[in-house]
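These notes are about the structure you will find just below.
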């Protein structure tokens with residue numbers, strides 16, 4: 001059997017190590033044949049043995065710098081003509097137009113519900129915990145900072161994330177109206193510490209998130225609302 005040697009840079013080794021550490025123990029890559037998994041594991045092992053960066057206390061900084069050097073000047077993750085439809089579907093169905101469930105009196109994002117181990121008893125608190133996503137955690141970006149505040153709000157990537165959060169909030173508002181037309185919801189878009197979107201159902205005699213005092217349902221007009229906090 002012929003053997004091949006693969007030459008990669010130190011930056012590429014660091015990036016591959018991070019990639020393998022996330023996916024090697026799962027079937028996230030959708031292996032279709034044992035040979036694919038075996039080959040993947042062997043390559044992962046080679047990277048593990050040749051990469052010492054993970055043992056250094058500033059590993060996160062090393063990784064970020066390697067990612068930035070490799071991706072510098074690259075305009076997109078896929079060329080437009082070759083963007084896998086599975087990636088588009090996963091992104092749209094998971095975040096832009098999410099599947100919603102009614103579970104134990106709560107309206108929740110299906111993608112997030114199973115991840116929460118301990119759900120608060122208070123329903124609005126529970127929904128705000130379950131139904132929130134951090135935009136910058138979904139994509140690769142260069143808006144991170146080593147120290148507090150940890151995000152560069154003036155960076156173009158942060159500004160894009162903020163605009164994306166506002167766009168997604170409009171889609172969530174519409175999706176909630178379609179799936180649960182008899183309920184009233186509040187959707188929140190907050191800019192501080194990584195743009196975040198969340199929602200909860202409005203309930204009588206309960207305090208809305210970010211508000212003091214219980215809600216008098218008679219004062220509401222029966223429409224979902226978006227609250228933006230910059």
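The values are calculated or read from the model by the stated rules, or taken from the named source; none is laboratory data. Since we're looking at a predicted model, the values are computed, not measured.
Quick notes
- Count of region 185-194 residues, restricted to those that are at pLDDT 95 or above and not in a strand (DSSP E or B), is 0.
- Flag if residue 112 is over 18 Å from the mean Cα position of the chain (by Cα) and either on the phi > 0 side of the Ramachandran plot or at pLDDT below 95 (or both): no
- Looking only at residues in region 204-228 that are under 15 Å from residue 124 (Cα atoms) and assigned to a strand (DSSP E or B), the one that is modelled with the lowest pLDDT is 214.
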